[in-house]
1. Using only Cα positions of segment 223-282, each an equal point scatterer, no hydration layer, compute I(q)/I(0) via Debye at q = 0.18, 0.20, 0.21, 0.25 Å⁻¹ and quote the log10 values to two decimals.
2. Taking amide hydrogens as modeled 1.01 Å from N in the peptide plane, which residues meet the under 5 Å criterion relative to N282, leaving out close sequence neighbours?
3. Straight-line reach from K173: which lysines fall under 30 Å, measuring Cα to Cα and dropping same-chain residues less than 8 apart?
4. With charges set only on the Cβ (+1 for Lys and Arg, -1 for Asp and Glu), what does the dipole of segment 232-331 come to about its Cα centre, in debye to the nearest 20?
5. Where in the chain lies the longest segment free of GluC sites (Glu not before Pro) that are both loop residues by DSSP (not H, G, I, E, B) and have at most 14 other Cβ atoms within 10 Å?
6. Contact order normalised by length for segment 33-306, with contacts defined as Cα pairs under 8 Å and 6 or more residues apart; what percent is it?
7. Rounded to the nearest 500, what is the 222 nm mean residue ellipticity of the chain from helices alone, with -39500 (n - 2.57) per DSSP H run of 4+ residues and division by all residues?
8. So which lysines can K27 reach, going by Cα to Cα under 24 Å and dropping same-chain residues fewer than 8 places off?
Amino acid sequence: MTSKVAYGFGIATALVAGVAIGQVAQKESPDSHYHLGPDSLVEPGVPKGEIQGPFVIKSDVYPGTQHTYWVYVPAQYDPKKEAALMVFQDGQAFKQENGGVRAQNVMDNLIYRREIPVMLGVFINPGRTPEQDEPSPQRGWGDGFTNRGVEYNTPDDKYARVITKELMPALDKSYNISKDPEMRGIGGASSGAIAAFMVAWERPNSFRKVLSIIGSFTNIRGGDVYPERILKSKKKPIRVFLCDGRNDNRGIRNGVYDPRWDWYLQNVRLQQALTKKGYDLNYTWGMNSHGQSFGGQIMPEMMRWLWRDATPIITDPNDMVERGFYQPAAR
């Protein structure tokens with residue numbers, strides 16, 4: 001029996017042992033109810049940070065390639081004080097001013113209200129050769145014309161070395177970044193999310209907070225191995241927030257259902273393994289398809305949860321500084 005399975009991005013055909021699977025009888029898009037809230041938009045009166053760059057670093061881990069990145073510097077950043085750090089994969093998409101996440105706006109608003117610490121945000125693109133196009137909202141995220149697939153989806157430590165051995169030394173030359181791994185987070189969407197998880201998994205002494213939107217923990221290049229790795233390994237000191245949607249890519253490959261190609265299933269398997277091992281974990285499942293709609297809407301809450309204990313807790317009723325909004329640093 002053949003069934004039509006509706007996704008937000010199109011129609012796939014499933015044929016599995018004569019049983020219709022995943023049939024969706026809905027007319028509206030799975031993403032239609034997700035919208036950016038005020039925490040993701042420019043708020044009047046909130047000091048705006050500056051996005052510096054683009055900068056380029058050459059890679060020895062992937063010879064012949066280079067990575068472009070930008071740095072968000074909040075208005076409250078004081079070079080004399082160590083700042084927290086958040087690194088976003090597919091940087092061009094996360095910083096896009098009219099995009100689905102607008103991470104710089106989220107950080108502006110949450111820092112101003114002291115809901116997250118003063119932090120630098122780094123938006124790094126996948127590696128490419130000098131002859132290849134830069135990923136962009138017009139050109140795409142890099143699949144098929146950059147090194148994105150190899151870097152982000154291969155479950156090894158090579159991309160972790162790009163971040164810790166190539167990106168971090170470049171950042172440390174120009175910015176005062178905390179050396180405490182608890183003050184460093186990393187995130188992404190789709191393949192960028194599994195890449196972020198891999199960095200923290202391989203280098204927990206460098207990064208301990210992971211933000212994952214529609215993570216591709218699937219068999220693109222064997223990335224569905226992480227539930228087993230988690231269960232077999234000693235618990236690592238990392239904190240993870242996962243989100244995915246019931247209408248994400250649901251495993252139809254060449255007309256046949258393949259559970260290793262089911263994004264929602266593999267995110268649930270990852271959540272179950274992390275839960276069983278007692279990780280500091282939060283997760284939520286929406287109705288969304290494979291896109292940024294749900295993750296973009298809830299990103300402010302993901303950031304609050306990940307960084308919930310990284311700002312000072314001062315209960316002195318006479319302390320008026322902590323009761324005021326975080327003003328720009330003196331320049």
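1. -0.65, -0.76, -0.81, -1.01
2. Correct list: V240, F241, L242.
3. Excluding near neighbours in sequence, the set is K48, K58, K80, K81, K95, K158, K165, K209, K236.
4. Here segment 232-331 has a charge dipole of around 620 debye.
5. Counting only loop sites that pass the neighbour cut-off, the longest clear stretch is 132-321.
6. Reported as a whole number, the value is 18 percent.
7. Helix-only estimate at 222 nm: -6500 deg cm²/dmol.
8. Of all the lysines, those that pass the test against K27 - Cα under 24 Å, at least 8 places apart if same chain - are K4.
Bear in mind these aren't lab numbers, they're just calculated from the coordinates by the rules spelled out. These numbers come from a predicted model, not from an experiment. Ideal geometry is used to build each Cβ from the backbone, glycine not excepted, and the neighbour counts take in all protein chains shown.
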